[in-house]
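This is the structure I have questions about; it appears just below.
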Amino acid sequence: MTYPNFIHHGGASGVTGSCHQLVATAEHSLLVDCGLFQGEDAELDSLQQLEVKFDLSAIKALVVTHVHIDHVGRLPYLLAAGFTGPIFCSQPSAHLLPLVIEDALKIGFTRDEQLIEQFLERVQSQLVPLDYKQWFTLVDDKNLRLKIKLHRAGHILGSCYVEVALYYKAKKLKKRVVFSGDLGAPWSPLLPAPKSLYKCDYLVLESTYGDRLHSNRQNRLKRLQLAIEKALQNQGTVLIPAFSIGRTQELLYELEGLVHNASGLWQDLEIIVDSPLAAKFTQVYRQLKPYWDKEAQRRLQAGRHPLNFDNLYTINTHQEHEATVAYLAKTGRPAVVIAASGMCAGGRIVNYLKAMLGDAKHQVLFVGYQASGTPGRKIQKYGPTGGYVELDGQRYTIKAGVDTITGYSAHADQKDLVNFIKRMRYWPKEVRLVHGQEEARQALKAKIDALYAGKNYLVQVFLPVTKNT
Ligand SMILES: [Zn+2]
């Protein structure tokens, strides 16, 4: 085997289950992410798929690029398989990770508080938070030096891409490897956009939106405003199904901006986050202001509170939740409700939909990708023609307005991904496209091949497949 080498344990031929092994030498490997398989990537016998069966003996450490469940959700299985090495992540991720793991354990593992506590203690004991842009030497023996450095990825708070510097001492050979994790889009609210590196030799690059371009920020902000104004005029509620981490906070940030600049009816608008988990994440986001971007810092300096404004309400208990659904459905008091799950496949948003889909004064606003087969996709598709959706086995006719805004995805689009390479001074010789559907990866591969064409560079673009382990 030539080194370095790569094994993709997940997230190669699909968008979830990210888990990549950098094989630096036979004795030294690094694992980047350990995520859950979800949606179409999840096999029927999911427990079998999640169990970690690959050889851990050479794996010196795990690096977590960010705390989305498709990047960290398999951590309990990794630890159960006997992994005792350090878990590296950024400082903000170290704050968020225990919340995510606790939630994942409760959903998929156990409700036993004591077990959960023990597990979280173990995670804490292995967790090593690193500052951005600081080298950390993981291996330095007679054959190899391996250092890692985290860079801001602009995807969600704490997200990073990972730079690995390898030095093969016998051959005096230096190699630089980069794992992109999930890269953020420029102009996304709250977080600074990722910057490219000076150089790398091997790049493992995500490709979620490898075949798409997002609409620009002004455009999507305008559409968000129009959708809400429509509901205000109709005396209805705007329902936004959203993930708890990342997108909810981006939306709150945008909504604060809209409320701040508007007058009249907007001042009465209630913005409700109906999700205890999202509320917890928002709290951590607020604590970590130093990691916000310049624009958000300016809002703070102007005395504003982008994630904690007057019109914002959070709902915790189930009782409060039920009361709010009933109240909003009955009174027509203008409100925006943000609740999970993002694709309406469960969670509190479902109760709102059941109570409000049949009434034309309400609006459903999609801001994220709706996978085929999910209720969200069905509402998006059949809503505009007055069709129906099945929720918990019952049919609901859709009379509420339905709208979709793209761009609040927290993911780089095709152009951003190509730019990530283009803006390096020295381009990689090997690019591995992971974390994308087949069409997205093919489209991105074509763009990267075109970028290199006629240049004094040879590139190998791989479309790796997940190794079944
Ligand atoms: Zn992500």
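Sum up the charges of everything whose Cβ sits under 15 Å from the Cβ of Q283, counting Lys and Arg as +1 and Asp and Glu as -1, but leave Q283 out. Let's see the in-between values first.
Details: positive: K280, R286, K289; negative: E102, D103.
Net charge around Q283: +1.
At most 15 other C-beta atoms within 10 Å and a DSSP loop state: those are the exposed GluC sites (Glu not before Pro) I care about. Give me the longest piece of the chain that has none. Walk me through the numbers before you get to the answer.
Values: sites that count: E27, E43, E51.
Longest run free of exposed loop sites: 52-469.
Normalise the Debye intensity by I(0) for the range 217-408, one equal point scatterer per Cα, no solvent, then take log10 at q = 0.14 Å⁻¹ and round to two decimals.
-0.75
In the range 428-466, what chymotrypsin sites (Phe, Trp or Tyr not before Pro) fall in a loop by DSSP, with at most 15 other Cβ atoms inside 10 Å? Mind dumping the intermediate values first?
On the way: sites: Y452, Y457, F462; in loops: Y457.
Of the chymotrypsin sites (Phe, Trp or Tyr not before Pro), the ones in loops of the range 428-466 whose Cβ has at most 15 other Cβ atoms within 10 Å are Y457.
HN-Hα J couplings of the range 151-160 from phi, Karplus 6.51/-1.76/1.60, θ = phi - 60°, integer Hz, Gly and Pro as x?
10, 5, 10, x, 8, 9, 3, x, 5, 9
Per residue, how big is the convex hull around the C-alpha atoms of the chain? Give it to me in cubic angstrom, could you? Could the numbers behind the result be given before it?
Values: hull volume 68.6 nm³, N = 469.
Expressed per residue, the convex hull around the Cα atoms of the chain is 146 Å³.
Hey, another quick one. Fully extended, how many nm does the chain gain between Y388 and N261 (0.36 nm per residue separation, minus their Cα-Cα distance)? Each step should come with its number before you reach the end.
On the way: separation 127, 0.36 × 127 = 45.72 nm, distance 3.68 nm.
Separation in residues times 0.36 nm, less the Cα-Cα distance, equals 42.0 nm.
Under 5 Å between amide hydrogens, which residues at least 5 positions from A61 or on another chain qualify, with H placed 1.01 Å from N in the peptide plane?
Here the answer is L31, since their amide H atoms fall under 5 Å of that of A61.
Between L115, M356, P428, whose Cα lies farthest towards the positive end of the dipole of the chain when Lys and Arg beta carbons carry +1 and Asp and Glu beta carbons carry -1, centred on the Cα centre?
P428
To continue, here is another question. H9's amide H: which non-local residues (gap 5+, or another chain) put their own amide H closer than 5 Å, with H modeled 1.01 Å from N in plane and none for Pro or chain starts?
Result for H9 returns C19, H20, Q21, K467.
Exactly which trypsin sites (Lys or Arg not before Pro) in the range 99-131 are in a DSSP loop and have at most 13 other Cβ atoms within 10 Å?
On the way: sites: K106, R111, R122; in loops: R111.
Passing both the DSSP loop test and the Cβ count: R111.
Quick one: which residues, 5+ away or cross-chain, put their amide H under 5 Å from the amide H of V336? H built at 1.01 Å from N.
So V336 has HN proximity to V238, E270, I271, I272.
Another one. Along the range 267-272, what does the Karplus equation 6.51 cos²θ - 1.76 cosθ + 1.60 (θ = phi - 60°) give for ³J(HN,Hα), rounded to whole Hz, x for Gly and Pro?
In residue order, the calculated couplings are 5, 8, 5, 9, 10, 10 Hz.
Roughly how far apart, in whole Å, are the Cα centres of the range 7-33 and the range 437-462?
Taking the Cα centre of the range 437-462 as reference, the centre of the range 7-33 is 21 Å away.
Then there is this: Using only alpha carbon pairs under 8 Å that are at least six residues apart, calculate the relative contact order of the range 311-404 and give it in whole percent.
Numbers: 118 pairs, mean separation 24.1, N = 94.
Relative contact order comes out at 26 percent.
Relative contact order (percent) for the chain, with alpha-carbon contacts under 8 angstrom and 6 or more residues of separation?
On the way: 985 pairs, mean separation 83.1, N = 469.
Averaging sequence separation for qualifying contacts and normalising by length gives 18 percent for the chain.
Relative to the present Cα-Cα distance, how much length would full extension add between N308 and R425 at 0.36 nm per residue of separation?
Taking 0.36 nm per residue and subtracting the Cα distance, the gain is 38.0 nm.
While we're looking at this one, here's another question. Once you charge only the Cβ atoms, +1 for Lys and Arg and -1 for Asp and Glu, what is the size of the charge dipole of the chain about its Cα centre, to the nearest 20 debye? Could the numbers behind the result be given before it?
Values: 55 positive and 45 negative charges, 406 e Å.
In debye, rounded to 20, the chain gives about 1960.
Next up: Using a basic spin-label model with each label point 7 Å from the Cα along Cα→Cβ, how many nm lie between N216 and Q319?
5.1
For the range 339-356, just list the computed ³J(HN,Hα) in residue order, Karplus coefficients 6.51, -1.76 and 1.60, θ = phi - 60°, integers in Hz, with x standing in for Gly and Pro.
Coupling constants for the range 339-356: 8, 8, 8, x, 10, 6, 8, x, x, 5, 4, 4, 5, 5, 4, 4, 7, 10 Hz.
Every number here is computed from the coordinates shown, using simple stated rules; none is lab data. On a predicted model such as this, the values are computed, not experimentally measured, just so you know. Counting neighbours? That spans all protein chains shown, and the Cβs are built from the backbone with ideal geometry, glycine included.
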